[in-house]
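The structure appears right after this line, and notes come after that.
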Amino acid sequence: MPIETLKKGILFGMKQNLMIQYVFPNYELPKEYAEVIESIDNVKIYPMGCKPVTGMANDGETDVEVANAIPEKVEAKNLVLRLTFSEMLKQKDGIAKLFKSGARVNLCITDVEQFTDEQFEAYKQVLNEWNIVLLGLYKQGQSPQFNLLTDRMMLEKMHNCEAGVSNITLAPNGKFYLCPAFYYDERMQVFNQLNHHNPSSDNSVGDLERGLDIPNPQLLQLDHAPLCRNCDAYQCRRCIWLNRKLTWDNNTPSHQQCVMAHIERNASRDLLNDIRKVGEFMPNIDIKEIEYLDPFDVRKEF
Ligand code: SF4
């Protein structure tokens, strides 16, 4: 991102009273960026082991490290681990070891769209195995945090990604996108167009000159999502990029996303019940037993 665009983006954020999150590349930025970056409170999201700018102190409390493989050591308090479903299954023991690292572990499965009904059992099984590890840590008085299993136990209402509602992405080209995935998707489509594969697309929702311009913004919100607003898989990301990709509608979820989120929800319920056998834990939280994995199957009851 040109430094002038960065400055304008920060000014825009200040005027709108937004919290700034920087997503860094996997190479070091020129030194002059450091002062501009630190001119406002921020959270830094950066590739594992990469110091964003020389001399800039990484803040272990709020920073987010992103890894595409299980790291030897986690420095930040927040780790985002990006793996495909099959990589996750193969590396389940390595992932379990991260639970005692003291970092919050966010596992992001990068090929949700490929998830099939034949993989339900494998997903349930791995979550059950991780539950045993997490339960052991809770019994030792630790409080491990793992997005797929411990988030739902703590939530009394939806806590989703909120892209386009409370988060907006400014890309290096000075345009706004609902989230970084829409920007990368557009870049891929332009690349394909250059190679005579696909027509071009413009996923942007405004720019720094014109401001934000989200068509029908209410359609991104929970109260306009008939399935999600009746759902209690509160930890679900409600990924609107996946929705757009798989259902062609930002606010209509895919079968894959709903089923995975419900398998996680049910495993969280098991973990919560097991922890409660040892002592009182989160008394306000009630995760009911349900018979379905996709709210679409029971939509007539809503
Ligand atoms: S599980 Fe499905 S219905 Fe529930 S919040 Fe997630 S996307 Fe929406």
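The values are calculated or read from the model by the stated rules, or taken from the named source; none is laboratory data. Since this is a predicted model, take the numbers as computed values, not measurements. Quick reminder, even Gly has a Cβ in these numbers, built from the backbone with ideal geometry, and neighbours come from all protein chains shown.
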Q. Of all the residues that make up region 245-266, how many are out of contact with any Cys (no Cβ under 7 Å at 6 or more places or on another chain), in contact (Cβ under 8 Å) with a residue 12 or more places away in the chain and in a loop (DSSP other than H, G, I, E, B)?
A. 4
Q. Pick from region 273-302 the residues that are under 18 Å from R229 (Cβ atoms) and aromatic (F, W, Y): which of them is modelled with the lowest pLDDT?
A. F302
Q. In region 174-188, what count of residues is obtained for those that are out of contact with any Asp or Glu (no Cβ under 9 Å at 6 or more places or on another chain) and either over 10 Å from W241 (Cα atoms) or among the acidic types (D, E) (or both)?
A. 5
Q) (1) under 23 Å from E162 (Cα atoms); (2) out of contact with any helix residue (DSSP H, G or I) (no Cβ under 7 Å at 6 or more places or on another chain): which one isn't true of L242, the others all being true? A) (2)
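Would you mention how many residues in region 218-244 are part of a loop (DSSP other than H, G, I, E, B) and either under 16 Å from the mean Cα position of the chain (by Cα) or of a type in the set (G, A, S) (or both)?
Looking only at region 218-244, we keep the residues that are part of a loop (DSSP other than H, G, I, E, B), and these are 221, 225-227, 231-239.
Now restrict to residues that are either under 16 Å from the mean Cα position of the chain (by Cα) or of a type in the set (G, A, S) (or both): 225, 233-239.
Here the count works out to 8.
Residue under question is K157, and the condition is that it be assigned to a loop (DSSP other than H, G, I, E, B) and touching a residue at least 12 places away in the same chain (Cβ under 8 Å); does it hold? Before the answer, list the steps.
Numbers: assigned to a loop (DSSP other than H, G, I, E, B): yes; touching a residue at least 12 places away in the same chain (Cβ under 8 Å): yes.
Yes; evaluated as a whole, the condition is true for this residue.
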Q | Pairs with Cβ under 8 Å, 6+ apart, first in region 17-46 and of a type in the set (D, E), second buried (at least 16 other Cβ atoms within 10 Å of the Cβ) and modelled with pLDDT of 90 or more | A | D41/I20
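Taking helices (runs of 4 or more DSSP H) that do not extend beyond region 1-118, which have at least 1 residues that are under 21 Å from R237 (Cα atoms) and modelled with pLDDT of 95 or more? Reasoning before the result, please.
Numbers: elements: 3-15, 32-37, 85-90, 92-98.
Here the list reads 85-90, 92-98.
Could you say whether any residue in region 179-193 is outside any helix (DSSP H, G or I), in contact with a helix residue (DSSP H, G or I) (Cβ under 8 Å, 6 or more places away or on another chain), at pLDDT 90 or above and within 20 Å of I45 (Cβ to Cβ)?
At the first step, the residues of region 179-193 found to be outside any helix (DSSP H, G or I) are 179.
Retained after the next criterion (residues that are in contact with a helix residue (DSSP H, G or I) (Cβ under 8 Å, 6 or more places away or on another chain)): 179.
Narrowing further to those that are at pLDDT 90 or above: 179.
Within this subset, residues satisfying the condition of being within 20 Å of I45 (Cβ to Cβ) are 179.
Looking through region 179-193, at least one residue is outside any helix (DSSP H, G or I), in contact with a helix residue (DSSP H, G or I) (Cβ under 8 Å, 6 or more places away or on another chain), at pLDDT 90 or above and within 20 Å of I45 (Cβ to Cβ).
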Q) Out of the residues in region 262-273 that are within 16 Å of K124 (Cα to Cα) and away from the ligand (no atom under 16 Å from the Cβ), which is surrounded by the most Cβ atoms within 10 Å (Cβ to Cβ)? A) L271
Q) So is M282 aliphatic (A, V, I, L, M) and part of a loop (DSSP other than H, G, I, E, B) or not? A) yes
Q: Enumerate the pairs (first residue in region 217-244 and within 12 Å of the ligand (Cβ to nearest atom); second residue anywhere and of a type in the set (G, A, S) and in a loop (DSSP other than H, G, I, E, B)) with beta-carbon separation below 8 Å, excluding pairs fewer than 6 apart on the same chain, so at least 6 apart or on different chains.
A: R238/A225; I240/G164; L242/S254; N243/S254
Q: Among what's in region 274-302 and is within 14 Å of the ligand (Cβ to nearest atom) and hydrophobic (A, V, I, L, M, F, W, C), pick the residue that is nearest to R152 (Cα to Cα).
A: I287
